[in-house]
Amino acid sequence: MEPARLISRMPWYAGLLVLAACIFLSAWGMVSYATPRVADLMHRLAAKYDSMLPEITIENGRASMKGEQPYHVDMGPARDAAIVIDTREGKEKAALEYLKDVEAGIVLTRDSLVTKNDNQVRTIPLKGMPNIVLNSRSIEELADLFLPQLSTAAWLLALIYFTVVKSLQALVLAMVPYFGARAYLVPFTYGKALNMAIFAQAPPVLVDVLILFAGVAVPRAFVFYFLIYVGVTVLLTKDLTQNAAMVASPGLGSESS
């Protein structure tokens, strides 16, 4: 049996199951690929904290650090940015002086965090912040504490994102078999065309996930994905129009769709 005829006879819920599978597989691929890399980055940054910044203590809304102050973080070639720590008592208003000659910067004072970006200065009070000692060890502990929560949030966001994106892709690509069938006077509803576009989505999703985990660098992978998607849809449409005697069947593609 021709692929187009087989898909056209699938009930509406078969299309929904394939769409759900594509959404889940894409979300699983993204989260499974990104989560360990984000975790590794966070742990590597935490390990480097002690070599880049001094130990900072925030207690009862007051910041403090040992050593000479003000402490200027080495920004390398970034001459238009600054990170300064000055938690000395009476130096709370010195933040603006540290930031006046740079385009962007951060200053930690005794009672606030002052930021500058695009000539806009914001002051964030430390009052109400939890007591914490910032060093490599404490940041590692925070990472271990929050990474599971970040993973859960990533799953939720990925599912929402791919539900919207994959649904829109199918709605748009369904125009190809729908208008292709009309051009050849083939009795074919938009509902059946949508079913076909959903089934055509499965091959590019599988290829996309395989490429992701194979670690193959594919330039403009998004374009490659759509080339496969459009190609499969066009092939199914060609198969459909070459079998103009296809009999309409009820389901997602019924006239009541």
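The residue of the stretch 151-168 that is nearest to Lys48 (Cα to Cα), among those that are surrounded by 15 or more Cβ atoms within 10 Å (Cβ to Cβ) and among the hydrophobic types (A, V, I, L, M, F, W, C), is Ala154.
Of all residues in the stretch 38-61 being acidic (Asp, Glu) and not in a helix (DSSP H, G or I), which is surrounded by the fewest Cβ atoms within 10 Å (Cβ to Cβ)? Top of the filtered list is Glu59. Scanning the stretch 109-143 for residues that are surrounded by fewer than 15 Cβ atoms within 10 Å (Cβ to Cβ) and part of a helix (DSSP H, G or I) yields Arg137, Glu141, Leu142. When the test is whether a residue is farther than 30 Å from Trp155 by Cα and surrounded by 14 or more Cβ atoms within 10 Å (Cβ to Cβ), Thr35 does not pass it.
With within 17 Å of Glu55 (Cα to Cα) and touching a residue at least 60 places away in the same chain (Cβ under 8 Å) as the only criterion, which of Ile85, Ile132, Ile106 stands out? Before you say what the answer is, go through the steps one by one.
Values: Ile85 fails: touching a residue at least 60 places away in the same chain (Cβ under 8 Å); Ile106 fails: touching a residue at least 60 places away in the same chain (Cβ under 8 Å).
From the options Ile85, Ile132, Ile106, the qualifying one is Ile132.
Applying the condition of being aromatic (Phe, Trp, Tyr) and modelled with pLDDT of 95 or more to the stretch 156-197 and asking which residue is farthest from Thr233 (Cα to Cα) yields Tyr161. Leu171 falls short of the stated requirement of being surrounded by fewer than 17 Cβ atoms within 10 Å (Cβ to Cβ), in contact (Cβ under 8 Å) with a residue 60 or more places away in the chain and not aromatic (Phe, Trp, Tyr).
Condition first: among the hydroxyl-bearing types (Ser, Thr, Tyr) and either more than 17 Å from Ala14 (Cα to Cα) or in contact with a strand residue (DSSP E or B) (Cβ under 8 Å, 6 or more places away or on another chain) (or both). Now tell me which residues in the stretch 179-234 satisfy that. Talk me through it step by step, then tell me what you get.
Keep residues of the stretch 179-234 that are among the hydroxyl-bearing types (Ser, Thr, Tyr), which gives 184, 189-190, 225, 229, 233.
Within the stretch 179-234, Tyr184, Tyr225, Tyr229, Thr233 meet the criteria.
Rundown of residues vs (1) of a type in the set (Asp, Glu); (2) outside any loop (DSSP other than H, G, I, E, B); (3) under 38 Å from the mean Cα position of the chain (by Cα); (4) within 25 Å of Lys127 (Cα to Cα), yes/no style:
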| site | (1), (2), (3), (4) |
| --- | --- |
| Ala63 | no, yes, yes, yes |
| Gln69 | no, no, no, yes |
| Arg79 | no, no, yes, no |
| Lys93 | no, yes, no, yes |
| Leu96 | no, yes, yes, yes |
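The values are calculated or read from the model by the stated rules, or taken from the named source; none is laboratory data. All figures in this text were calculated on a predicted structure; none of them were measured in a lab. No Cβ is skipped: glycine too gets one built from the backbone with ideal geometry, and neighbour counts run over all protein chains shown.
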